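For reference, the structure is listed below as structure tokens.
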Amino acid sequence: MTDHPVDDADERQHGGIQVIARSSKIMRTLSAHGLPCGMSLAAIASAVDLPRSTVQRIINALAAEHLVEPAGASGFRLGPALGQMLYQSNADVVSVIKPYAEQLSLSLQETVCLASLNLNKLRIIESFVGEQPLRVVPQIGIAPPLHVTAAGKALLARMDDATVLEWLAREEQPHTTTPQALLQELAQVRAQGFAQDMDDVVLGVSAIAVAINTYRGPYALMLLVPTARLQRDISCFQQAMFGLRDVLEKLLSNARP
């Protein structure tokens, strides 16, 4: 029998591609699940439609690279290595946005926050506090529902309606709106190019936010302002944030659709 090294190489390549595709599907499933207790092997196998033994082998390989880790009694979740890689990638984007966000805070004398999605929650990456006598200082530890905050709505508006509804179904916090009302509000956000909340998180504090498309996905730039000043100066704030969004998206090589 004559060996066929080219055919063997093609077969190995196909097998390698299949393993990568399956690994990616498993990791996306774990990311979508997002609970601290993780998912059992049986639950993962059911979600990705693979034999449990295949899932076990892939999970073991991912765990060896710390891309997956044990969670709870018999579950698995995304591991710390993935977070480290994302942090390093995010750091490149944040290093570009940070000086511009700081300059915006200085020019408007208002608090500016840079935020992104972390699983199903809003994460404040950087904040620059305005220097006016009456100022807004973000409080560490507050985690309102994503669809309540201006930054959260700006980021949700980057998703299609089907994805938003999937997210809403996984949301653990109480809903303050109906799915249909949320979709209508997000349609308005897309049309006008910005999102806002008026006294929805803290009485007397409001916000306006825009999404910034980058090669690492969308980030939100949010202005936190006393409600009276937002009502008075909203046109000025909109123009400043639209201008900065356009500059940053050109720098970060991903124009708005």
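Do any residues in the stretch 153-178 that are at pLDDT below 90 have Cβ atoms under 6 Å from those of residues that are aromatic (F, W, Y) and surrounded by 14 or more Cβ atoms within 10 Å (Cβ to Cβ), where the two are at least six apart or on different chains, and which pairs are they? From residues that are at pLDDT below 90, there are no pairs. One residue stands out in the stretch 33-48 among those that are open to solvent by 40 Å² or more (accessible area, probe 1.4 Å) and modelled with pLDDT under 85: the one that is farthest from the chain's Cα centre (by Cα), namely C37.
Residue-wise test of (1) part of a helix (DSSP H, G or I); (2) modelled with pLDDT of 85 or more.
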position: S89; (1), (2): yes, no
position: V93; (1), (2): yes, no
position: K98; (1), (2): yes, yes
position: Q103; (1), (2): yes, yes
position: L106; (1), (2): yes, yes
position: V112; (1), (2): no, yes
position: A115; (1), (2): no, yes
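Taking residues in the stretch 91-107 that are open to solvent by 50 Å² or more (accessible area, probe 1.4 Å), and partners anywhere that are modelled with pLDDT of 90 or more and not in a helix (DSSP H, G or I), the pairs with Cβ atoms closer than 8 Å and at least 6 places apart or on different chains are K98/L114; E102/V112; E102/F128; L106/F128.
Condition check: of a type outside the set (D, E, K, R), surrounded by 13 or more Cβ atoms within 10 Å (Cβ to Cβ) and modelled with pLDDT of 80 or more. Does L78 satisfy that? So L78 fits the description; yes. Note on the stretch 178-211: residues that are open to solvent by 40 Å² or more (accessible area, probe 1.4 Å) and touching a helix residue (DSSP H, G or I) at 6+ places or on another chain (Cβ under 8 Å) total 5.
The values are calculated or read from the model by the stated rules, or taken from the named source; none is laboratory data. As the structure is a computational prediction, the values presented were derived from the model and not from experiment. Ideal geometry is used to build each Cβ from the backbone, glycine not excepted, and the neighbour counts take in all protein chains shown. Side chains are part of the model used for accessible areas, which takes the heavy atoms of the whole protein and leaves out ligands, DNA and RNA. Shrake-Rupley method; radii C 1.70, N 1.55, O 1.52, S 1.80 Å.
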